[in-house]
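The structure appears right after this line, and notes come after that.
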Amino acid sequence: MVILVFIKTAAMKSKDPHGRDEIISYQKLRAFIGITGLLLPVVSVLGCFLFGAGIYSWQRSISHYFYSVMHIAFVAILCVLGGFLMTYRGKDPWESRLSNLAGFFAVCIAAFPTAFRGFQQDENDRIQYLQLTKEVTEFWGSMHFGFAFALFACFTIFCLYFFQKPDADYEGAALAKFKRRKLIYTVCGWTIIVSILLIGLFNFVFKVEKGFFSYSTFIFETTALWAFGAAWLVKGSAVLKELPVVKNMVRTLR
């Protein structure tokens with residue numbers, strides 16, 4: 001809650017009478033949202049590895065890191081992502097409402113954990129950080145997946161609808177760059193859709209228990225998150241072109 005209040009206050013203070021600082025603020029916010037989405041799977045795995053979890057650094061889903069030594073980072077990243085999304089204001093009122101809804105879903109994913117079943121660990125329990133006194137029931141586990149599905153659905157709508165709208169009246173080279181960005185948004189949106197479909201396919205149809213694809217939920221959650229993160233980074237790339245190292249990477253987009 002403190003994080004959400006801080007982010008909201010910072011955004012309000014950024015406004016000037018002409019709205020110029022607010023525009024810069026929300027361009028940066030778009031980039032922050034993208035970076036947060038990219039970080040969640042990376043931080044979860046890398047943190048467990050650094051804590052000595054070895055092969056058990058890989059969980060069958062990103063949600064299972066709720067119980068791991070990266071519990072605090074997992075919850076914090078989701079709450080920060082939720083705060084960023086709730087703070088974000090699009091040009092369209094419906095875009096702002098969708099962003100608020102997505103932020104709510106992100107916080108709910110952190111608040112309603114997945115079932116412990118399927119959590120990977122060795123006999124010394126080196127990776128487990130949290131043990132609930134009461135096991136998560138099937139109903140509440142289903143609620144977790146429902147919130148996750150709803151969040152990815154929001155991400156898809158952003159990519160395939162709201163991000164397809166121009167921020168200004170582009171002409172010439174600027175129009176060509178916007179068309180390149182639109183293509184990226186489209187690819188990211190369909191990547192999220194395919195990733196969610198593959199999660200369902202491997203969990204409810206193939207029901208793979210062993211081998212590489214037993215980690216299918218983690219794999220395709222990661223591809224969906226990276227697609228979401230990439231789309232928001234591109235959306236906020238107007239501020240990235242000011243950075244010395246990154247500006248050459250975004251020159252064809254901005």
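Each value in this text was obtained by applying a stated rule to the coordinates, not by laboratory testing. What you see is a predicted model; the values in this text were computed from it and never measured. Virtual Cβ from ideal backbone geometry, glycine too; neighbours counted across all protein chains shown.
Which of the residues that make up the range 194-250 are closer than 24 Å to His144 by Cβ and among the β-branched types (Val, Ile, Thr)?
Val194, Ile196, Ile199, Val205, Val208, Thr217, Ile219, Thr222, Thr223
Give me the pairs, please: first residue somewhere in the range 98-113 and under 18 Å from Ser142 (Cβ atoms), second residue anywhere and among the hydrophobic types (A, V, I, L, M, F, W, C) and part of a loop (DSSP other than H, G, I, E, B), beta-carbon distance under 7 Å, and either six or more positions apart or on two chains.
Matching pairs, first to second residue: Pro113/Val136.
Find the residue count for the range 44-57, including only residues that are part of a helix (DSSP H, G or I) and surrounded by 17 or more Cβ atoms within 10 Å (Cβ to Cβ).
Count: 6.
In the range 196-232, which residue that is under 18 Å from Thr36 (Cβ atoms) and of a type in the set (S, T, N, Q) is surrounded by the most Cβ atoms within 10 Å (Cβ to Cβ)?
Across the range 196-232, the extreme among qualifying residues is Thr222.
Is it the case that the range 75-92 has a residue that's within 15 Å of Cys48 (Cα to Cα), hydrophobic (A, V, I, L, M, F, W, C) and either touching a Gly at 6+ places or on another chain (Cβ under 6 Å) or not in a loop (DSSP other than H, G, I, E, B) (or both)?
yes
Step by step: first the residues of the range 165-193, then only those that are among the aliphatic types (A, V, I, L, M) and closer than 30 Å to Ala148 by Cβ, then the one that is surrounded by the most Cβ atoms within 10 Å (Cβ to Cβ). Which residue is that?
In this case the residue turns out to be Ile192.
What about Ile77, is it more than 17 Å from the chain's Cα centre (by Cα), surrounded by 19 or more Cβ atoms within 10 Å (Cβ to Cβ) and aliphatic (A, V, I, L, M)?
Here the answer is no, as Ile77 does not meet what is asked.
Tell me which residues, restricted to the range 164-199, are without any contact (Cβ under 8 Å) to a residue 24 or more places away in the chain and of a type in the set (S, T, N, Q).
The answer is Gln164, and nothing else.
Mind checking which residues of the range 217-254 are farther than 11 Å from Ile184 by Cβ and among the polar types (S, T, N, Q)?
Passing the criteria: Thr217, Thr222, Thr223, Asn248.
Enumerate the pairs (first residue in the range 120-145 and under 14 Å from Tyr67 (Cα atoms); second residue anywhere and part of a strand (DSSP E or B) and among the hydroxyl-bearing types (Ser, Thr, Tyr)) with beta-carbon separation below 6 Å, excluding pairs fewer than 6 apart on the same chain, so at least 6 apart or on different chains.
Short answer, once both residue conditions are applied: Ile127/Ser68; Tyr129/Ser68.
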